[in-house]
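Student: Just dropping this structure here.
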Amino acid sequence: MGGRVGVTLQPLADRLIWHLLQGNTLHADETPVSQLEPGSGKTRKTYLWAYRSNDLQAGPRIIVFDYQPGRSGVHARGFLGDWHGHLMVDDYSGYKALFTPDDSNEACVELGCLAHARRKFFDLHKAHQSPMALEALNRIAVLYAIEAEGKDLSIEERKCLRAEKSFPQLATLHAWLLDTRAQTASGGGSAKALDYSLKRWVSLSRYADTGHLPIDNNPVENCIRPIALGKKNWLFVGSERAGRRAATIQTLLGTAKLNGLNPAEWLKDTLEKLEV
């Protein structure tokens, strides 16, 4: 029954993938999944890659999960194909090739996740009560407050808001980061937190050039979190085929939830219509 359901629902998931790739801005992330090795009684690490639509643009909200045997960036390129646009990611090296054009593909434009930059300072302050880290957190909080102010605005209105308020705050934050780094010894946690933001500054601040680009990767991380928590209960997938089937079902249930539908009721209704 499970295999039949997966096959029946796959065309729906494929259609969601098509719609997702029509957008010009995507979120991407990945999470490890244990897969049972047939006959060995052992598991190996595989990955569930996640790609999500951008909430700041018009259109349906979509989350797509892609089950792959590893974390190599080749899997992201395989999923995206010739898609190119703004891609919001963390600093994982597997995405870096996507931002360099080659003979067959135009480069994507990297968007850095400000939540990841903030997390470096949060962890530093939590561990050492660092005054510098607290200052960084306060400055970043101002940027998020501006985003909250513009949440319900149109794209053009949000662009004006960011130009008026985010630009000056980003400029002063960047100057403060540079000045603070110049006074900080290399090698320690403070230097690493500062360097993370400074090395990625262009991609971290790029969102403020427009009214439609996201400030962080939280939307896709929020979609992955229930799966990460669920792994404590189901522990592993039984095979690569089962992993792909699970990705299909998670794609459909996750997208239903994002659009305000009850996932269980939607799935029941859909299966009945398909006469599975």
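The values are calculated or read from the model by the stated rules, or taken from the named source; none is laboratory data. Remember, it's a predicted structure, so these values are computed and weren't measured experimentally. We place every Cβ from the backbone using ideal geometry, glycine too, and count neighbours over all the protein chains shown.
Student: Name the helices (runs of 4 or more DSSP H) wholly inside the range 206-276 in which the number of residues that are closer than 23 Å to PRO69 by Cβ and in contact (Cβ under 8 Å) with a residue 24 or more places away in the chain is 1 or more. Break it down into steps so the answer makes sense when it comes.
Tutor: Working: elements: 218-234, 240-258, 263-274.
Filter on the range 206-276 gives 218-234, 240-258.
Student: Moving on. Before we move on, is PRO11 at pLDDT below 95 and within 16 Å of ILE227 (Cβ to Cβ)?
Tutor: Working: at pLDDT below 95: yes; within 16 Å of ILE227 (Cβ to Cβ): no.
So PRO11 fails the test.
Student: Here is a further query. Within the bounds of the range 57-77, is there any residue that is under 30 Å from LEU143 (Cβ atoms), of a type in the set (D, E, K, R), assigned by TED's automatic domain parsing to the domain that holds GLU240 and touching a Cys at 6+ places or on another chain (Cβ under 6 Å)?
Tutor: Checked the range 57-77: no residue is under 30 Å from LEU143 (Cβ atoms), of a type in the set (D, E, K, R), assigned by TED's automatic domain parsing to the domain that holds GLU240 and touching a Cys at 6+ places or on another chain (Cβ under 6 Å).
Student: Within the range 169-187, how many residues are surrounded by 12 or more Cβ atoms within 10 Å (Cβ to Cβ) and either in contact (Cβ under 8 Å) with a residue 60 or more places away in the chain or outside any helix (DSSP H, G or I) (or both)?
Tutor: Going through the range 169-187 one residue at a time, the tally reaches 1.
Student: Exactly one condition in (1) within 26 Å of LEU258 (Cβ to Cβ); (2) not in a helix (DSSP H, G or I) is false for GLY41; which is it?
Tutor: Unmet for GLY41, out of (1) within 26 Å of LEU258 (Cβ to Cβ); (2) not in a helix (DSSP H, G or I): (1).
Student: Ok, one more. In the list ALA264, ALA246, which residue meets the criterion of being closer than 21 Å to PHE79 by Cα and more than 18 Å from the chain's Cα centre (by Cα)? Give the derivation first.
Tutor: Numbers: ALA264 fails: closer than 21 Å to PHE79 by Cα.
Just one listed residue meets the conditions, ALA246.
Quick grid of which residues meet (1) exposed (fewer than 13 other Cβ atoms within 10 Å of the Cβ); (2) assigned to a helix (DSSP H, G or I); (3) hydroxyl-bearing (Ser, Thr, Tyr); (4) under 17 Å from the mean Cα position of the chain (by Cα):
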| residue | (1), (2), (3), (4) |
| --- | --- |
| TYR47 | no, no, yes, yes |
| ARG52 | no, no, no, yes |
| ASP66 | no, no, no, yes |
| MET88 | no, no, no, yes |
| TYR95 | no, yes, yes, yes |
| ASN105 | no, no, no, no |
| GLU110 | no, no, no, yes |
| ALA145 | yes, yes, no, no |
| ALA148 | yes, yes, no, no |
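Student: Closer than 30 Å to TRP18 by Cβ, assigned by TED's automatic domain parsing to the domain that holds ARG118 and assigned to a helix (DSSP H, G or I): which single residue out of SER203, SER197 fits that description? Reasoning before the result, please.
Tutor: Working: SER197 fails: closer than 30 Å to TRP18 by Cβ.
The conditions single out SER203.
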